[in-house]
Amino acid sequence: MDMMFFCIPQQAYMRTDNCTNLRKRPAGKAPAGAQPMLRACEKCTMYPLVDKNKVPTVTLDAYLGGSKPKVANLQASANRKIMQMNIA
Ligand code: SF4
């Protein structure tokens, strides 16, 4: 199911699977024809929360109906632990 979350680095509402796909792009200089990873994604520390379904979401249908997902709390200790596991 299409789920929407608020991407803090880009300050934009996005689909969770779009976040995953953006992370699969090559970082730095992309081969001809390929799109490089966005700078925001390169430096992003939030994506482990998206991958682990720890970000607040609403369905795409609800979003199109006017609902907005809450902004994740990156300072919450449980969230910080998940983000740090990925950096370490
Ligand atoms: S990787 Fe980070 S910056 Fe890129 S879309 Fe996902 S949450 Fe946003």
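The values are calculated or read from the model by the stated rules, or taken from the named source; none is laboratory data. Keep in mind that what you see is a predicted model, and the values were worked out from it rather than measured. Here the Cβ positions follow ideal geometry from the backbone for every residue, glycine too, while neighbour counts run over all protein chains shown. In case anyone asks, the SASA skips ligands and DNA or RNA and just uses the protein heavy atoms, side chains included. Shrake-Rupley method; radii C 1.70, N 1.55, O 1.52, S 1.80 Å.
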Over the range 30-69, the set of residues within 16 Å of the ligand (Cβ to nearest atom), surrounded by 14 or more Cβ atoms within 10 Å (Cβ to Cβ), not in a helix (DSSP H, G or I) and not hydrophobic (A, V, I, L, M, F, W, C) is Pro36, Thr45, Lys54, Pro56, Thr57, Pro69
When (1) under 15 Å from the mean Cα position of the chain (by Cα); (2) open to solvent by 30 Å² or more (accessible area, probe 1.4 Å); (3) touching a residue at least 24 places away in the same chain (Cβ under 8 Å) are applied to Asn73, the one that fails is (3)
Residues of the range 3-24 being part of a loop (DSSP other than H, G, I, E, B) and either open to solvent by less than 60 Å² (accessible area, probe 1.4 Å) or near the ligand (Cβ under 7 Å from one of its atoms) (or both), in sequence order, are Ile8, Pro9, Gln10
